[in-house]
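Participant: Structure below; questions to follow.
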Amino acid sequence: MEQEIINNIKALGIDMINEAKSGHPGIVLGAAPIIYTVFAKHLNMNLNDPSWFNRDRFVMSAGHGSALLYATLYMAGYPLTLDDLKNFRKLGSKTPGHPEYGVTPGVEVSTGPLGQGFATAVGMALGDKIIESKYFLNRKGTFGNTIKEKIFDHNVYCLCGDGDLMEGIASEAASLAGSYKLNNLIALYDSNKISLDGTTNFTFNENVLERFKAYGWHTDLVSNGNDYKEIDKAIAKAKDENKPSIIEIRTTIGDGSLLAGTNAVHGKPLTPEDILQLKQKLGWSTKPFIVSERAVNNFRAEIQSHSKAKYDEWAKEYRELVNNVLGGNNQELNYILKGGKTSIDLCDIPSKISRDDKEEMRVTSQKIIDEIGLKIPNFIGGSADLRSSTDTYFTNKGDITRENYNGGNIWFGVREHAMGAISNGLALTNFRVFNSTFLTFSDYLKPAIRMSALMHLPVTYIFTHDSISIGSDGPTHQPIEQLAMLRSIPNLNVYRPCDENELIGAWNDILNTNDKPSALVVSKDQVPVLAASKRKEVSLGAYIIRKEKEQLHGIIIATGTEVHKACLIAEQLYQSHKLDIRVVSMPCMERFLEQSDEYQKSILPEGVRTIVIEAASSFGWHRFVYSDKYLITVNDFGASGTKDEVLKKFNFYYESLKSRVLDILS
């Protein structure tokens, strides 16, 4: 019966690809025994409670194997129909070309770029270890001792291939997983030694298991990828390990096809002749989309046999936890179990600095982060080994370590690529998570930020050292094009506040936005709190921070610390030249562009000369100005020198800015 189920999965996958005239048959035929074994023998789930927090997660990191996943989900009983399978890769279907979170029932994470799924799975496993450490039941042991019994203890299974493990992000994530001893993570390595262009002998010759052993992983090898019994034994063994596990499963890509074992079977449909002979080998009908009722019923019964008891036991223990341990107060726990959504009002919190003082904005942000941590229990985060520079560390929460996961501070190490994807995994485990590095290194995070936006995950990316004003570190550390890059990403809000008020307003807007990620760009410069800056207006994206006194001669749009200079320039030019200038602070361009035309025109009326001042690329600002001459920006890489020397070199020191504004408006 096991082989009949596997053959049905294979047949459906091949039919989907043939119907779509597009897809990847190689992994369907090679890895079907792997995915069958995980679902039938190990994966705990409940179709009547699909968001059950303690369900096991399955991540198809080799996202090109989507047909294999969809066929398996259909046969497992997820709410997919044969019509859904027939619509594979069609516009608006539940079965897109690569797995998409929120589109297909049973898909836990969007996986497209290779390695992203693997690294996200690490984040999901870390998220489970964190909540596992917070809640447990006390049981009496055999000798009268007290034993802590876990309430949350799910596993994360990740199917990956050679391509995933070639990507650098997977290496970063694997290293961190080993450091954290994430023994709830099991990677199933579909090892067929073939990539899109040919054999991996040209490009991928290292001993993968020895590499992962060096990372601190348990390793195992199944030499015959069709032997589901050996795969089952290897998974069972891995579940008893005290470290993450990777099982290399030697498979034949396109097993049974006339092109088996070659790259030709990787990424294009089989010919009709090949499909015919393949189905004859499988003992399957040559008609498309044939489903064996016996195979489906047996597959679902196998899943039910191990999942139902686990779910029933968990539901009983959860009620005991809430009633006896938490005294009926599960408000804190619900932050995680009910989707991680937050609702908060920070706009009334007291100022952290006095009106006459100055403070680095990254330091102010640190104080706000501490306050948020007291208000939102599932708020966690960390940095890429830069907490002392980005000031993103909870002083009132402990560290998350392999000895004790019950903390708030994550030590990502120098792993920006993996940090973003791991944060996505934590968000998928319903944590409100932030990560941080220098703005210029946001390029390392770009793929993960894009996946956050695609999945509508409320991850907060904190970027400090936001302009050429950081000086002596030189052009490699001075961001120029990064703000434009971030603003170009759909479904991402990019905030660049000018002072403490706008910083509080930005955090307030971020934490009340539960369906998209945010980038918070924070200066290391010392700034005062401007008398006219606002908190609540940050949610509008832009507002008038200095209004013209009589007749409007021009407008300056500024962001971040440039707002301070713009306000001073406007005031001095009014006194010296009677130029009446409005200053608009625009902490979030995306939020402003969401506002009504009426509001936008009230802030930026048509027909008024408008200047932009921002110490970054001009790209993206042209929508607000008449021509390039109204853009006071930086379109060249920075330089190494003191802050004042660098600002002077690029004509961005105060007197130069004032002179340029005067020249434009007069």
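The values are calculated or read from the model by the stated rules, or taken from the named source; none is laboratory data. Being a predicted model, the structure only gives us computed values, none of them experimental. Here Cβ is always computed from backbone atoms with ideal geometry, including for glycine, and neighbour counts include all displayed protein chains.
Participant: May I ask you to list the residues in the range 448-474 that are within 13 Å of the chain's Cα centre (by Cα) and either surrounded by fewer than 19 Cβ atoms within 10 Å (Cβ to Cβ) or assigned by TED's automatic domain parsing to the domain that holds Ala121 (or both)?
Facilitator: Result: Ala453, Leu454, His456.
Participant: Moving on to the next point. Quick check on my filter: what residues within the range 502-537 are more than 30 Å from Asn430 (Cβ to Cβ) and of a type in the set (S, T, N, Q)?
Facilitator: Ser523, Gln526, Ser533
Participant: Being part of a helix (DSSP H, G or I) and β-branched (Val, Ile, Thr) is the filter; apply it to the range 288-316 and report the residue that is farthest from Pro269 (Cα to Cα).
Facilitator: Per the stated criteria, the residue is Ile303.
Participant: Within the range 164-205, track down each residue that is over 26 Å from Tyr228 (Cα atoms) and polar (S, T, N, Q).
Facilitator: Passing the criteria: Ser171, Ser175, Ser179, Asn201, Thr203, Asn205.
Participant: Another question, if that's okay. Among the residues of the range 69-90, is any polar (S, T, N, Q), at pLDDT 95 or above, more than 22 Å from the chain's Cα centre (by Cα) and in a helix (DSSP H, G or I)?
Facilitator: Yes - at least one qualifying residue is present in the range 69-90.
Participant: Okay, moving on. For the range 312-369, enumerate the residues that are more than 30 Å from Asp49 (Cα to Cα), surrounded by 13 or more Cβ atoms within 10 Å (Cβ to Cβ) and without any contact (Cβ under 8 Å) to a residue 24 or more places away in the chain.
Facilitator: Within the range 312-369, just Lys367 meets the criteria.
Participant: In the range 525-541, which residues are under 17 Å from Thr513 (Cβ atoms) and part of a loop (DSSP other than H, G, I, E, B)?
Facilitator: Arg535, Gly541 - these are the residues of the range 525-541 that are under 17 Å from Thr513 (Cβ atoms) and part of a loop (DSSP other than H, G, I, E, B).
Participant: Only one of Asp391, Asp399, Asp443 is touching a residue at least 24 places away in the same chain (Cβ under 8 Å), surrounded by fewer than 20 Cβ atoms within 10 Å (Cβ to Cβ) and among the charged types (D, E, K, R). Can you tell me which? Before the answer, list the steps.
Facilitator: Numbers: Asp391 fails: surrounded by fewer than 20 Cβ atoms within 10 Å (Cβ to Cβ); Asp399 fails: touching a residue at least 24 places away in the same chain (Cβ under 8 Å).
Exactly one of Asp391, Asp399, Asp443 is touching a residue at least 24 places away in the same chain (Cβ under 8 Å), surrounded by fewer than 20 Cβ atoms within 10 Å (Cβ to Cβ) and among the charged types (D, E, K, R), namely Asp443.
Participant: Picking from Gly420, Gly505, Gly425, which residue would you name as being assigned by TED's automatic domain parsing to the domain that holds Ser365, assigned to a helix (DSSP H, G or I) and in contact with an Asp or Glu (Cβ under 9 Å, 6 or more places away or on another chain)?
Facilitator: Sole residue among the options that is assigned by TED's automatic domain parsing to the domain that holds Ser365, assigned to a helix (DSSP H, G or I) and in contact with an Asp or Glu (Cβ under 9 Å, 6 or more places away or on another chain): Gly505.
Participant: In the range 1-49, how many are in contact with a strand residue (DSSP E or B) (Cβ under 7 Å, 6 or more places away or on another chain) and not in a helix (DSSP H, G or I)?
Facilitator: Looking only at that region, the number is 1.
Participant: So which residues in the range 78-111 are touching a Leu at 6+ places or on another chain (Cβ under 8 Å), surrounded by 19 or more Cβ atoms within 10 Å (Cβ to Cβ) and not β-branched (Val, Ile, Thr), if there are any at all?
Facilitator: Correct list: Leu80, Leu85, Lys94, Pro99, Glu100, Gly106, Glu108, Ser110.
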